[in-house]
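The values are calculated or read from the model by the stated rules, or taken from the named source; none is laboratory data. Keep in mind it's a predicted model, so treat the numbers as computed, not measured. Neighbour counts are summed over all protein chains in view; Cβ atoms, including those assigned to glycine, are modelled from backbone coordinates with ideal geometry. Note: accessible area is taken over every heavy atom of the protein model, side chains too, but ligands, DNA and RNA are not part of it. Shrake-Rupley method; radii C 1.70, N 1.55, O 1.52, S 1.80 Å.
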Amino acid sequence: MNTYKIRMGTVGDEPFLWEMLYQAIYIPEGEPRPSKDILTEPEIVNSLKGWGRKGDTALIAIGADNTPIGAVWVRLFDELNKTYGYYDRDTPLLGMALLPEYRGRGIGKALLMEMLRKTKEAGFGGISLSVDPNNPALYLYEKLGFKKIGVTGTSWDMLVKF
């Protein structure tokens with residue numbers, strides 16, 4: 001049985017968000033995971049560097065023992081400070097991941113649906129993201145209304161409009 005809760009993230013969750021950013025990097029089955037040094041690459045480090053600025057919002061899924069098991073986050077970027085999946089300065093960019101042992105249980109869908117609701121309530125017109133087209137998460141994004149708007153490298157840039 002799924003026993004988890006979703007709570008608002010805080011600045012204190014930043015170390016867990018970095019772990020989730022690492023977990024969000026899609027690695028094809030059977031391939032080795034890259035070193036965590038990948039998080040220092042400019043396009044990746046921008047995803048969370050300086051977490052806690054205006055507009056940064058995270059939701060954390062916590063297990064029955066109150067430990068974090070997954071997260072979804074959005075933040076705003078601009079032309080001078082952007083990362084994969086950037087659409088425009090008025091559209092928050094989404095990141096999300098679950099610890100591997102919690103995937104496939106509906107927790108990611110619950111996190112994403114709550115973030116879509118909160119972002120819409122905050123007055124934004126949509127959310128963008130970047131996803132590898134081979135990542136199983138693609139089906140969740142499509143199911144919740146995200147549409148492919150471009151390709152950056154091997155990943156799809158996607159957008160949902162409210």
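Using DSSP to call loops (not H, G, I, E or B), can you name the GluC sites (Glu not before Pro) in the stretch 44-122 whose Cβ has at most 14 other Cβ atoms within 10 angstrom?
E79
Can you give the FRET efficiency for E79 and V11, using 1/(1 + (r/R0)^6), R0 = 30 Å, r = Cβ-Cβ distance, to the nearest 0.05? Working shown, then result.
Numbers: r = 26 Å, r/R0 = 0.87.
For R0 = 30 Å, the calculated efficiency reads 0.70.
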Inset, instruction - Using a Förster distance of 30 angstrom, determine the FRET efficiency expected from the C-beta separation of R33 and R53, and round it to 0.05. - result: 0.55
Legend entry - D90 accessible area, assembled protein chains, probe 1.4 Å, Å²: 100 Å²
Inset, instruction - Give the cross-link partners of K49 among the lysines, using a straight C-alpha distance below 21 Å as the criterion and excluding same-chain residues fewer than 8 apart. - result: K36, K82
Legend entry - DSSP beta bridge pairing in the chain, given as percent antiparallel to the nearest 5: 95 percent
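What percent do you get for the relative contact order of the stretch 1-75 when only Cα pairs under 8 Å and 6+ apart count? Working shown, then result.
Numbers: 70 pairs, mean separation 32.4, N = 75.
This gives 43 percent for the stretch 1-75.
Just flag the trypsin sites (Lys or Arg not before Pro) in the stretch 1-101 sitting in loop per DSSP whose Cβ has no more than 11 other Cβ atoms within 10 Å.
Values: sites: K5, R7, K36, K49, R53, K54, R75, K82, R89; in loops: K49, R53, K54, K82, R89.
For trypsin sites (Lys or Arg not before Pro) across the stretch 1-101 that sit outside H, G, I, E and B with at most 11 neighbouring Cβ atoms in 10 Å, the list reads R53, K54.
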Legend entry - Net dipole in debye of the chain [+1 Lys, Arg Cβ; -1 Asp, Glu Cβ; about Cα centre; nearest 20]: 580 debye
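Would you mind calculating the relative contact order of the chain from Cα pairs under 8 angstrom and at least 6 residues apart, reporting the percent as a whole number? All intermediate terms of the calculation are to be shown ahead of the outcome.
Numbers: 257 pairs, mean separation 33.6, N = 162.
This gives 21 percent for the chain.
Would you mind classifying the chain by shape? Square roots of the alpha carbon gyration tensor eigenvalues, ordered a ≥ b ≥ c; an a/c under 1.5 is rounded, otherwise it is prolate if a/b is larger than b/c and oblate if not.
rounded
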Legend entry - Hits among lysines - C-alpha to C-alpha of K120 under 18 Å, sequence gap 8 or more where chains match: K54, K109, K143, K147, K161
